[in-house]
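For reference, the structure is listed below as structure tokens.
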There are 2 protein chains.
Amino acid sequence: MAYELYYWPTIQGRGEFVRLALEEAGADYVDVVREAGVPAMMRILEDPDRPRPPFACPFLKDGDLIVGQTAAILLHLGPKLGLVGEDPDDRLWTHQIQLTIADVVAEAHDTHHPVAVSLTYEEQKPEAARRAADFCRNRIPEYLSWFEHVLSRAGGAHLVGGRLSYADLSLFQLVDGLLYAFPKTTAAVLRELTQVARLHDSVRQRPRITAYLASPRRLPFNEQGIFRRYPELEA
Amino acid sequence: MAYELYYWPTIQGRGEFVRLALEEAGADYVDVVREAGVPAMMRILEDPDRPRPPFACPFLKDGDLIVGQTAAILLHLGPKLGLVGEDPDDRLWTHQIQLTIADVVAEAHDTHHPVAVSLTYEEQKPEAARRAADFCRNRIPEYLSWFEHVLSRAGGAHLVGGRLSYADLSLFQLVDGLLYAFPKTTAAVLRELTQVARLHDSVRQRPRITAYLASPRRLPFNEQGIFRRYPELEA
């Protein structure tokens, strides 16, 4: 049975980390909301009879099982898609890396929404300017340096165990998003962090990823997603 | 061999979710930094030869394995401490709840640090006031209502599978922290959400938790931690 991914149909957002794993594995999946519309998702999220509802999207339907939280979805999918090693310690470490990527993603989101998700960016621009300045000055270098260290210690080509894992795909997406949102800062940081830059390139060149990125299934970055290019935030 | 927990020695913070699990299980553990000081932690975090360094604390040393990220630590400890069911779907669901708790904790932190962790609260007070107002008005009710729904659908006493799990302990800690930081808001919300209020009470009354909370091992809440009481933030 095909996996069913439920996520907002007009942004990459957190759903993209799941899409990349499904695409790299050549998995049979349906991006449900893009085909059937948002009500198909809200019916599940707002169903009062559902005993284990996700708090938010993205969520994955795998037969009768529904899994929310991006990192938990990948924890579940990793072994099934062959995107994580067999060793339990490798699996836990892969997940730990994924959770750290999730932390950066949340911070990237808050550069344009530091006050409230219920307000627009325009309603929190002064706060966003301060938060984005700190994110560029401190957080992008701190986080990407940690990934550089992990890659270097693992031999450079992959984050975990000398083989492709969903964490590699997610790090590609994180770097891709940062290059979109904060191109000057990220490019400058990547000139120093050559292993991270190389992993970003090598994932992009994987045949299935290349095909996916060129397909209409890959939504473009835009200013409704998590990674947004507001030039005034990268002063 | 005793588990070794590494976390800041003067705050509950994210370490507290791990401490509660270890205490409830009666596990043999050392709160290393409280005994040996911060350098014992920094030696591990800053060791350039360590192939799998945590990005930040808390982290747990279990023999040769080091695990960072609070939710990943509990994913690892849950089965070993008997604080999660045997069923794989129950385990994934417990973890999914834990990740949602982690999201609330991050948002609670950002009520006093909406701009940058590298700045003091005093350097971001206007931004904090706006963020905290939204957190109290929207986010506390949204999140706690979701936990209420999950508890109600699971029969009320526990979040998952009719038995105690680390997610119950973590929800206790989340509610305890919110009651400290935003007492009026949280008390008002809990008057409606009786299952969440009851779970908070019942965890507190578990013998090992009661003993722990009365011991010097339980640090008091304070204004260096994640949950801080700044009355001006709860207008």
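All of the numbers you see were taken from the coordinates with simple rules; none came from a lab. Everything quoted here is computed from the prediction, not taken from an experiment. Every residue, glycine as well, gets a Cβ built from its backbone with ideal geometry; the counts of neighbours run over all protein chains shown.
Here are some notes:
- Distance-filtered residues of segment A:102-142 - backbone nitrogen under 18 Å, label point 7 angstrom along A:GLN224 Cα→Cβ: A:109, A:112-113, A:117-123
- Take the Kirkwood radius over Cα pairs of segment B:146-221, plug it into Stokes-Einstein at 20 °C and 1.002 mPa s, and you get 167 µm²/s for translational diffusion.
- Debye, to nearest 20: dipole size of segment A:78-129, +1 on Lys, Arg Cβ, -1 on Asp, Glu Cβ: 160
- With a Förster radius of 56 Å applied to the beta-carbon distance between A:ALA40 and B:ARG163, the computed FRET efficiency rounds to 0.95.
- Taking all pairs of distinct alpha-carbon atoms in the protein assembly as shown, Kirkwood radius in angstrom: 22.8
- Antiparallel bridge percentage (DSSP; both residues within the protein assembly as shown; nearest 5): 75
- The A:ALA214 and B:ALA214 beta-carbon pair, evaluated with R₀ = 41 Å, returns a calculated FRET efficiency of approximately 0.05.
- Nearest-20 debye value, the protein assembly as shown charge dipole, Cβ charges on Lys, Arg, Asp, Glu: 200
- With the charge dipole of segment A:3-81 set up from +1 on Lys and Arg Cβ and -1 on Asp and Glu Cβ about the Cα centre, the Cα lying farthest toward the positive end among the listed residues A:ALA56, A:VAL18, A:TYR3 is that of A:ALA56.
- What the Cα convex hull of segment A:88-217 gives, in volume per residue, is 127 Å³.
- Cα-centre dipole for chain B with unit charges at Cβ (Lys and Arg positive, Asp and Glu negative), debye to 20: 460
- Kirkwood hydrodynamic radius (C-alpha pairs) into Stokes-Einstein, segment B:3-81, 4 °C and 1.567 mPa s, D in µm²/s: 103
- Where N is the number of residues in chain A, Cα Rg divided by 2.2 N^0.38 Å: 1.00
- Inter-label distance, B:ALA187 to A:ALA188: 5.0 nm, where each label sits 7 Å from its Cα along the C-beta direction.
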